[in-house]
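A.B. asks: Mind looking over this structure? Questions follow.
The values are calculated or read from the model by the stated rules, or taken from the named source; none is laboratory data. Computed from a predicted model, the values in this text were never measured in an experiment. Note that we place each Cβ from the backbone using ideal geometry, even for glycine, and neighbour counts take in every protein chain shown.
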Amino acid sequence: MEFFKKLIREEDTVDLTPMIDVTFLLLIYFMVTTMLKQPEAELSIQLPGKPANSDLKPMPLLSVEIGDYGQVILNGSEIEQATTSTGAPNYEMLDLVANLKQQKSMRDQLIASGARSKEEAELKVQIESSGIAEHQSSISVLNACSTAGIEKITFAFE
């Protein structure tokens, strides 16, 4: 019984001194091994500035609008979409591809003849899609641009 009374009276204590020592050692370790980030002002990055040829006048970009129900409008005129035998829309958009190829070839001729520089006559397409249009319509327009060989494409948001 004396043993149990002795156990109850004794209080267990945890010595925190070693834990504090280890914490400080870890803090010193991480302070020494951490690589400080180089300030951005010291990085040798060439930021874009005013272009050298400021008198360049680029040709207007082509605007492709995608309506609520997937109708495609190129520069204000609607592009007819063929349908499959089941009546579902055909997502190849052959008329759009033909129009884009024609625009690209006209601009390539301007560049080849020297009438316009590549920076001025390069074909750029801006796609503006309705908020409720199917995503497949946007993908189909992107595929049509890829088929026509157009590389510069931007998206406009309302």
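A.B. asks: Could you look through the stretch 113-150, keep only residues that are assigned to a helix (DSSP H, G or I) and of a type in the set (S, T, N, Q), and pick out the one that is surrounded by the most Cβ atoms within 10 Å (Cβ to Cβ)? Break it down stepwise before answering.
C.D. replies: Here is the first cut: in the stretch 113-150, the ones assigned to a helix (DSSP H, G or I) are 113, 118-121, 135-148.
Filter again for of a type in the set (S, T, N, Q), leaving 113, 136-138, 140, 143, 146-147.
Working: S113: 9, Q136: 11, S137: 23, S138: 18, S140: 21, N143: 15, S146: 13, T147: 16.
Here the answer is S137.
A.B. asks: Select, from S77, S85, S105, the only residue that is at pLDDT 85 or above and surrounded by fewer than 16 Cβ atoms within 10 Å (Cβ to Cβ). Let's see the steps before the verdict.
C.D. replies: Values: S77 fails: at pLDDT 85 or above; S85 fails: at pLDDT 85 or above.
Criteria check complete, one pass: S105.
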